[in-house]
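See structure below.
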């Protein structure tokens, strides 16, 4: 079989697996480590790398992970990075040495997890694919024919997490960087014992699952800490539950403002930790004032692991200069200015508002606005209402996606109204919303595309 034929077959199998896994409903959440632990034992799964860093938090996780990866790669270490959700392609979730994992490699891991889930009984005798049993009996499943008809019922996130952890374990890595999907205590990633864990900011999101306030949510996130190991807290005003948990288990607590901090001017910034000082650093390539907190957390983690992962200051400079993360206050080239931001809760929207305030003058700001209905839509609107002149609510797909009509009603309920210099104009999709904004905006205006990964993904996928 030729390489091209093999590649085509692998791509087809990969797409079939994704269709099958997506039919499980990627949005379905079933917290708990029992299922993951049981299947991991059947797989014989060990540690994904000799050193593991886990990153939890409400916002800032992706940026912190990206900076850790870029710095460690610049220092010559072999890295594995697991993040979620993906923006455009599933393969973005797993990177080895900065390169997304191939579909062929994923297929091998999916098959292994499938077999292990089938062989592992969880007492429920429910198929991992049970909810859609019979819905994909045709060509979609093809050769992947209903192997998961009994055994342990894994969710989409649990299944893919195990596949990626197994892939990392089979690759000769120096360090694995794992982003928590939701919460921390009962998230599948927390099955791994971290050598160092970071909690970025803590704010209210997923309240139905994690709790109604910062103290409850902080407890869930702090559970990624381990006794005797570095616990990096980057939130400038952390919930008491985070600090209490770290102290109760005897973690090596590093607090922003006490054990590490930063200072800077318009030209450069510096990091100060317990022992190390990193001076004359260029600002991270990722935009936004909050990125210095994320960068400081990454440097604190590396300082705490300096005996395992020695990193010279030049690698820090190089890593921060080249780090990339699409969709996080990403400014596209050209006029009018277009800013992409995947933030989807009031805390992220407040950071976005602060970042907008630091940009140059723009006569008008247009917002292509798409969100999921189960998010705090009103809170996001309130955080940005004074910065946006023209709103363009858009439809998002799926059962959780809000319609432009529904978003228009929420805008009006919060107090946003059309007038001589303000408008609300619904559009059927983010890309059509951006097209409408480009037609109406002046060359010196500013266009925001915000509210969800889905909103930004639709716009990016339309770019040449």
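Numerical summary
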{"read-out": "Residue ID - farthest from residue 366 (Cα to Cα), chosen from residues in the stretch 407-422 that are touching a helix residue (DSSP H, G or I) at 6+ places or on another chain (Cβ under 9 Å) and buried (at least 16 other Cβ atoms within 10 Å of the Cβ)", "value": "410"}
{"read-out": "Selection count where residues are buried (at least 16 other Cβ atoms within 10 Å of the Cβ) and outside any helix (DSSP H, G or I), scope the stretch 103-121", "value": "1"}
{"read-out": "Residue among 211, 184, 218 that is without any contact (Cβ under 8 Å) to a residue 12 or more places away in the chain and either in contact with a helix residue (DSSP H, G or I) (Cβ under 6 Å, 6 or more places away or on another chain) or under 15 Å from residue 65 (Cα atoms) (or both)", "value": "211"}
{"read-out": "Matching residues, the stretch 227-236, being under 20 Å from residue 192 (Cβ atoms) and without any contact (Cβ under 8 Å) to a residue 60 or more places away in the chain", "value": "227, 228, 229, 231, 233"}
{"read-out": "Residue within the stretch 306-315 that is outside any loop (DSSP other than H, G, I, E, B), buried (at least 24 other Cβ atoms within 10 Å of the Cβ) and at pLDDT 95 or above present", "value": "no"}
{"read-out": "Options 189, 224, 242; residue that is buried (at least 21 other Cβ atoms within 10 Å of the Cβ), in contact (Cβ under 8 Å) with a residue 12 or more places away in the chain, assigned to a loop (DSSP other than H, G, I, E, B) and in contact with a strand residue (DSSP E or B) (Cβ under 9 Å, 6 or more places away or on another chain)", "value": "224"}
{"read-out": "Any hit, the stretch 446-455, residues being surrounded by 13 or more Cβ atoms within 10 Å (Cβ to Cβ), on the phi < 0 side of the Ramachandran plot, over 26 Å from the mean Cα position of the chain (by Cα) and at pLDDT 95 or above", "value": "no"}
{"read-out": "Subset tally (residues that are surrounded by 14 or more Cβ atoms within 10 Å (Cβ to Cβ), free of Cβ contacts under 8 Å to residues at least 40 places away in the same chain and in contact with a helix residue (DSSP H, G or I) (Cβ under 9 Å, 6 or more places away or on another chain)) for the stretch 274-298", "value": "5"}
{"read-out": "Subset of the stretch 79-95 (residues that are surrounded by 19 or more Cβ atoms within 10 Å (Cβ to Cβ) and in contact with a strand residue (DSSP E or B) (Cβ under 6 Å, 6 or more places away or on another chain))", "value": "79, 80, 81, 82, 83, 94, 95"}
{"read-out": "Any chance residue 403 is surrounded by fewer than 16 Cβ atoms within 10 Å (Cβ to Cβ) and at negative phi", "value": "no"}
{"read-out": "The stretch 19-41: number of residues that are crowded, with 17+ Cβ neighbours inside 10 Å, outside any loop (DSSP other than H, G, I, E, B) and within 22 Å of the chain's Cα centre (by Cα)", "value": "2"}
{"read-out": "Members of the stretch 42-68 that are farther than 28 Å from residue 120 by Cβ, in contact with a helix residue (DSSP H, G or I) (Cβ under 6 Å, 6 or more places away or on another chain) and in a helix (DSSP H, G or I)", "value": "63, 64, 67, 68"}
{"read-out": "Qualifying position, being modelled with pLDDT of 95 or more and in contact with a helix residue (DSSP H, G or I) (Cβ under 9 Å, 6 or more places away or on another chain), among 337, 365", "value": "365"}
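The values are calculated or read from the model by the stated rules, or taken from the named source; none is laboratory data. Quantities reported herein were computed from a predicted structural model and do not represent experimental measurements. Backbone-built Cβ (ideal geometry, glycine too); neighbour counts: all protein chains shown.
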